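What follows is a single structure, written as structure tokens, with notes after it.
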Amino acid sequence: MRPAVAALFLATATNAAAQMSAPVPTPAPAAATPAPIVYPDSRAEPVAETRFGVTVADPYRWLEADVREDERVRAWVTAQNVVTGRYLDSLPARPVFERRMKELYDYERLSAPRKKGGRYFYLQNDGLQNQSVLYVRDRVDGSGRVLIDPNLWAQDGATALAEWMPSEDGRYLVYGVQDGGTDWRTVKVLDVETGRETGDTVEWVKFSNLAWAKDGSGFFYSRFAAPDSAKYTALNENQEIYFHRLGTAQAADRRLYATPERPKLNHVAEVSDDGRWLIVTSSEGTDERYEITLIDLADPQARPRTLVPGLTHEWRYVGNTGSRFLWVTNKDAPRLRVVALDIAEADPRPVTIVPEDAATLADASIVGEVLITSYLVDAKSEVRRFGLDGTPAGRVALPGIGTASGFQGRPGDPETFFAFTSYATPTTIYRYDAARGAVETWAKPEVAFDPADFVVEQRFYPSKDGTRVPMFLVRRKDRTGPAPTLLYGYGGFNIALTPAFSPTFLAWVDQGGVLAVANLRGGGEYGKAWHDAGRLANKQNVFDDFIAAGEYLIREGVTGKDQLAIHGRSNGGLLVGAVVNQRPDLFAAALPGVGVMDMLRFDRWTAGRYWVDDYGSPAKEADFRTLYAYSPYHNVTAGKDYPAILISTADTDDRVVPAHSFKYAAALQNTAIGSRPHLIRIETRAGHGSGKPTDKIIEEAADQWAFIARWTGLQPD
């Protein structure tokens, strides 16, 4: 299990659109802009502050005000959307991309089921439903019945089913409701047999697991205090763990763990396999540096026991039999290993069960009497089996090069399920018999394309300092020679970009474009060393890796001059903003999405304070100078010819607040950086990415792909 705080920065990587049989594209010259764009007024104000002897101008600070509360910012957003909408509606490729994307999305897809009390719970989307529906089966091969259909919750489809978990006996289901893309959750409980809500409601939950007591009497969750104001911008501090007993009001919930003397700690709770222990994983930022605390649920008077102190290493609970607990850890193993701790000992020492490997250990779980481990081998999945004592027991056969995920289970359970996907392979669900090692297909989608029509390959290229960086390329089998190319990257927070199917990305390739995904330093593809090489004072390595990827694509004839577009979201939006400032000559178009653009003030809002683990603190001089040198907002440079840029953000993004994108857009539009368009697209009732309805995903991707098609020369049918 990976604690929720380790994924605070994860953004969805999908966005795309298209149709078949595009002619060989001809690059469109930058000078062919139809007419100069008149941007809305973004008045610069004389705001500046001096830090460490450096005077930093911040002329658009007024755009930090909450768009829902400030009339001036709201008027600016409205005016920007009018200008951007008019431009995007004029692009001839847009309806083609939108139409093809709808075709590619229109297939039935299921998630890997969770098995509780002999019942199988899973998500299903019939195709173009805005939100996936939660189903339950009473037998593995039985028919499903609807438990929760979030499509009925809001007319605009922007209220989503978030986290959910059945009770151990399958009688109840606890679930989170996410409205308009916010990270805040309202938690409710459903009676599985009747399909009716129990009336239990919990508010102000964020960055939380939902973990049932084994007897089904209630659940554990993490919450913050209700914010006095600034719901979408206030810092999140003093997270606490509570137990909610079914049939009681939230005011009666029992607080089990809090650290008021250390307000920056986050706490995530899970219940041990035997039900006796509450395992609290505490962290201060986004680094996998945890403290582990055990709470004895059998003895309400017992004091919490700190099992692993110090916030120094990753410790991820795998499972336990009695007092023997298995963990995934990077202690003395940068690419991770599985160890055992005997909590019956006063000072337990880790005993290696599965040693560190040349591949990076991504996850581990106990299913029946087998330990199943998932590895990343050059960013591709490999699944290995071990006995609970660490004895090798072979591998799980996978269908090809791609990403395998799932394998949830517990001791004694004879089966588990996993999902497999790749860039041209829609997610297929497999059932795995842990005792026999047999794999069978449980749910395979039927899609409106032939995966054999596409080629997926992996290449390696040298970065500026000679580091060997992997990159995936996806293109149509019938296309050769330079083509308009979309280069995607992330490069941060120990997050690995692995092969995954996206109808939006495939739509771009389907129309004759090339998709390139670079596995930059800062990610988790090769363990701690790879992550460390792309953060803090080493952050420039990430930008160098991305720039080198673009140069490689041109040098190797994958794409041509004026045919290269770049895209990234969240930390990847920062990536795009930074490399555009550093090498505007290299790119024809850029799509920075929900990006961190003001690197001197990011830690002042919502989850931003966690990110100092990767970025450093603007309050420290050495970090300040590093951040100021690449901050996208502060380094827009007049006199350079910038690529066409379409920024995307959302008004209810309370992960990376939209002020980042607002200020960056104002800086671009008010600096002499060439005649190509520099626009911002601001979505309403859509947050950082999770929970976004299908129709909004398609609309955004159709806009983006039509925009870069115009500036890379892609001419779809």
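For the reader, a short list of remarks on this structure follows.
- Extension reserve of the residue 264-residue 215 stretch, reckoned as 0.36 nm per residue once the Cα distance is removed: 14.4 nm
- Taking 27 Å as the limit for the C-alpha separation, the pairs 264/380; 380/528; 102/477; 102/206; 620/640; 528/663 exceed it in the case of 264/380; 102/206; 620/640; 528/663.
- Student exercise, region 429-470 dipole from Lys, Arg, Asp, Glu Cβ charges, in Debye to nearest 20: 280
- Length released on extending from residue 464 to residue 675, taking residue separation times 0.36 nm less the Cα-Cα span: 72.9 nm
- With R₀ fixed at 51 Å, the C-beta to C-beta distance from residue 149 to residue 323 puts the FRET efficiency at about 0.70.
- Beyond 32 Å, the tail of the calculated P(r) for the chain holds 52 percent of the Cα pairs.
- The chain, relative contact order in percent, only Cα pairs under 8 angstrom and at least six apart counted: 16
- With each label modelled as a point 7 angstrom along the Cα→C-beta vector, the residue 358-residue 436 pair spans 3.5 nm.
- Comparing Cα centroids, region 638-701 and region 475-548 end up 20 angstrom apart.
- Taken per residue, the accessible surface of the chain reaches 36 Å², heavy atoms only and a 1.4 Å probe.
- Sparsely packed chymotrypsin sites (Phe, Trp or Tyr not before Pro) within region 444-523, loop by DSSP, other Cβ within 10 Å at most 14: none
- Translational diffusion coefficient (Stokes-Einstein; Kirkwood radius from C-alpha pairs) of region 579-654 at 20 °C, 1.002 mPa s, in µm²/s: 156
- Relative contact order for region 130-259, counting Cα pairs under 8 Å that sit 6 or more residues apart, in percent: 15
- Altogether, the Stokes-Einstein calculation at 20 °C and 1.002 mPa s, with the Kirkwood radius of region 167-228 over Cα pairs as Rh, returns a diffusion coefficient of 174 µm²/s.
- Anisotropy class of region 349-449 from Cα gyration tensor, a/c 1.5 cut: oblate
- Measuring r between the beta carbons of residue 453 and residue 99 and using R0 = 30 Å, the FRET efficiency lands at 0.95.
- For region 658-717, the alpha carbon positions stretch 37, 37, 12 Å along the principal axes, listed from largest to smallest.
- Residue 37-residue 532 FRET efficiency (beta carbon distance; Förster radius 41 Å; 0.05 resolution): 0.45
- Calculated mean residue ellipticity, 222 nm, the chain: -5000 deg cm²/dmol, from DSSP H runs (n ≥ 4) at -39500 (n - 2.57) each, averaged per residue and rounded to 500.
- Percent carbon-and-sulfur accessible area, the chain, ignoring ligands, DNA and RNA, probe 1.4 Å: 49
- Region 231-363 shape via C-alpha gyration tensor axes, a/c threshold 1.5: oblate
- Expressed in units of 2.2 N^0.38 Å, where N is the residue count, the Cα radius of gyration of region 538-673 is 1.03.
- Given their separation in residues at 0.36 nm each and the Cα-Cα distance between them, residue 617 and residue 444 gain 57.6 nm when the chain is fully extended.
The values are calculated or read from the model by the stated rules, or taken from the named source; none is laboratory data. Values in this document were obtained by computation on a predicted structure and should not be read as measured data. Reconstructed Cβ throughout: ideal geometry from the backbone, glycine too, with neighbour counts over all protein chains shown. We work out accessible area using only protein heavy atoms, side chains counted, and drop any ligands, DNA or RNA first. Shrake-Rupley method; radii C 1.70, N 1.55, O 1.52, S 1.80 Å.
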